[in-house]
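The values are calculated or read from the model by the stated rules, or taken from the named source; none is laboratory data. Values in this document were obtained by computation on a predicted structure and should not be read as measured data. Positions of Cβ are backbone-derived with ideal geometry, glycine not excepted, and every protein chain shown enters the neighbour counts. Each accessible area value is taken on the protein alone, full model and side chains, heavy atoms only, with ligands, DNA and RNA left out. Shrake-Rupley method; radii C 1.70, N 1.55, O 1.52, S 1.80 Å.
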Amino acid sequence: MSKSQFPNGFLWGGAIAANQAEGAWNIDGKGPSIMDIEILPEKYSLTSILGYSHDDDSIEFALKDDDSLYPRRRGIDFYHTYESDLELMKEMGFTTFRTSINWPRIFPKGIEQEPNKKGLEFYDRLIGKIVDLGMEPIITISHYEMPVYLVKEYNGFASREVIDFYLNFATTIVDRYHDKVKYWIPFNQVNCLDGWGEYGSLGLKRGYDIQTVYQAVHHQFVAAAKLTKYIHEKCPESKVSVMLGDNTAYPATSKPEDVFATTQRNQMQQYFFSDVMIRGSYPGYAKRYFSEKGISLCITQEDAELLKQNPVDFLTFSYYFTGTIAYENGDIVSKSNPYLEKNKWGWAIDPLGLRNALNHYWDRYEKPIFISENGFGHEDIIEDGRIHDTYRINYLREHIKSMRDAIGDGVEVFGYTSWGPIDIVSASQGEMSKRYGYIYVDLDDRGLGTAKRIRKDSFYWYKGVIKSNGKNL
């Protein structure tokens, strides 16, 4: 019988992205990534999303601009502080740590044949430290860090040529670290488009259309399948995943039109991506969607066979909030959920939604699941040298309970990395004041401060959770 408890050997830890933490954006041979040219305006709103859209002129402007604030260029200086930061995470008892490899730190333009030696040496030290501290490294190969050159000259994954550039990068990483890394994530949140992922994930320049978007998505599928094939042949003990950003929606009402609109929305925004990468083919609902939208993809017979023969080994996803869907005047419309509280950024807090999502994914695929991101962004206040973040503890406690309950439902969940274990630059807003970490970093939105690391109350709480293997919540 299933029991609501975490299995022995469950992986507990945290996750970051290189572009939000490392800084050191132009030293030791690193080239600019697409996130290094995202500017934080002099006047901005905490609830506004950065632009994440560029053309040739804006790219050139950003590369020459030394006066404006580009938050990812500094990050939290993890490039130089990783050793002490990882030691703090080990103090919490982490048994796993997820990070990404900054693509232009290894191939500055993305087109080089030979990798940047100093970039590899940094990841030698970083991954070596993770392993030495007894943590299982989980590596995201591409986490919104495409070299700017590939956007400007090739329009990112809109060009089939970028598949080979990506594979040169990815296989270089796998060849070097396969003896230390068992779990690989080819692409972060492949389904998170919604107006900014087209640039962040696919590397598309401003002015793309829906045809270009889905052709670029297909090229990512092909790249991931080729990499999966390579990893399985070179190191069969390794595991490859598809990663989604979960935002599974509920129907706004029980009206059948709302229910079916929600089904269609969840199919194309959630399940389409994992259906292709796990089941190995384009589902019928996607083919109908493409037909109705006038989308005609270039999919070769070789592509189709490659996808079919190289499914991934496990599913991983990020989970933060849920939404609702209504069908109004012929359109699928997102609605606020009146039954849920929201944080300052409008994200609906829904712990039960995590259990719901886990059950749906397990029923659909029966593949092992890893929660690669889950966290609570909030503005933290220092009081007498401490941060009393009970709001973060409460959020995480309820979500971990839901994950435990899903395990009791029979879902095979083997690990959890909360986002992020240390304060880093926000992905969507680009500021520091939207904090997620158990470890406070004394930097403000403009990068001013001591950069001192301070343990929050949640640091000690999560340490107890890990020590008890999830029993002490």
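Within this structure, residue 199 fails the test of being assigned to a helix (DSSP H, G or I), surrounded by fewer than 18 Cβ atoms within 10 Å (Cβ to Cβ) and not acidic (Asp, Glu).
Restricting to the stretch 21-50, count the residues that are farther than 17 Å from residue 62 by Cβ, out of contact with any Phe, Trp or Tyr (no Cβ under 9 Å at 6 or more places or on another chain) and at pLDDT 95 or above. Count: 1. Within the stretch 212-248, the set of residues being in a helix (DSSP H, G or I), in contact with a Phe, Trp or Tyr (Cβ under 9 Å, 6 or more places away or on another chain) and under 22 Å from residue 290 (Cα atoms) comprises 214, 215, 216, 217, 218, 219, 220, 221, 223, 224.
Answer yes or no as to whether residue 342 is modelled with pLDDT under 95, open to solvent by 40 Å² or more (accessible area, probe 1.4 Å), more than 26 Å from residue 433 (Cβ to Cβ) and in contact with a strand residue (DSSP E or B) (Cβ under 7 Å, 6 or more places away or on another chain).
Judged against the criteria, residue 342 is not a match.
If you go through the stretch 312-328 and keep only what is farther than 16 Å from residue 352 by Cα and more than 14 Å from the chain's Cα centre (by Cα), you end up with 312, 313, 314, 325, 326, 327, 328. Within the stretch 386-415, the set of residues being open to solvent by 10 Å² or more (accessible area, probe 1.4 Å) and in contact with a strand residue (DSSP E or B) (Cβ under 7 Å, 6 or more places away or on another chain) comprises 391, 407, 412, 414. Listed by first and then second residue, the pairs linking a residue in the stretch 342-360 that is in contact (Cβ under 8 Å) with a residue 24 or more places away in the chain and closer than 13 Å to residue 407 by Cα to a residue that is charged (D, E, K, R) and part of a helix (DSSP H, G or I), with Cβ atoms under 8 Å apart and 6 or more places separating them unless they lie on different chains, are 355/405.
When the residues of the stretch 300-322 are filtered to those that are in contact with a helix residue (DSSP H, G or I) (Cβ under 8 Å, 6 or more places away or on another chain) and in a helix (DSSP H, G or I), the one that is farthest from residue 402 (Cα to Cα) is 303. For the stretch 134-182, residues that are buried (at least 17 other Cβ atoms within 10 Å of the Cβ), in contact with a Lys or Arg (Cβ under 8 Å, 6 or more places away or on another chain) and farther than 13 Å from residue 103 by Cβ total 8.
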